[in-house]
1. Where in region 66-83 does the label zone of Leu49 land, with the point 7 angstrom along Cα→C-beta and an amide N cut-off under 13 Å?
2. Report, in degrees rounded to the nearest 10, the 0 to 90 angle that the Cα long axis of helix 6-53 makes with the longest principal axis of the chain.
3. With +1 on each Lys and Arg Cβ and -1 on each Asp and Glu Cβ, how big is the dipole of the chain about its Cα centre, in debye rounded to the nearest 20?
4. At 7 Å along the Cα-to-beta-carbon direction for both Ala2 and Ser73, put a label point, then send me their distance in nm to one decimal.
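Every number here is computed from the coordinates shown, using simple stated rules; none is lab data. Being a predicted model, the structure only gives us computed values, none of them experimental. When we count neighbours, we look across all protein chains shown, and the Cβ atoms used for this are built from the backbone with ideal geometry, even at glycine.
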Amino acid sequence: MATTTQRERIATLESEIEAHDREHQLLERLWTQRLIAIEDRLANIEEALQTRLGAPLPGVRLSKRDVRVAGGSAALAAILWLLIEQLGALAARGG
């Protein structure tokens with residue numbers, strides 16, 4: 001069984017700590033890039049909503065709540081539309 005000196009154990013630990021720190025830095029950069037991408041997509045959604053709603057208002061930004069309400073409203077409208085289509089198809093079959 002090979003024994004290691006204290007100096008070798010310390011060097012190994014320092015190497016592991018440095019690798020761990022590099023991993024954390026890489027993950028931090030990765031998440032930063034992901035958050036920037038999400039922010040860009042939200043800005044594009046905001047721009048599209050403002051275009052649909054009319055002329056964009058200067059200096060006005062949609063909040064996360066506004067986006068959630070718009071998304072929820074769209075989902076509810078889609079569900080109601082599908083329900084109406086299904087009821088119409090059922091009525092057409094005479095059922």
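1. Of the residues in region 66-83, 66-75 have backbone N under 13 Å from the label point off Leu49.
2. The two axes meet at around 20 degrees.
3. 520
4. 6.9
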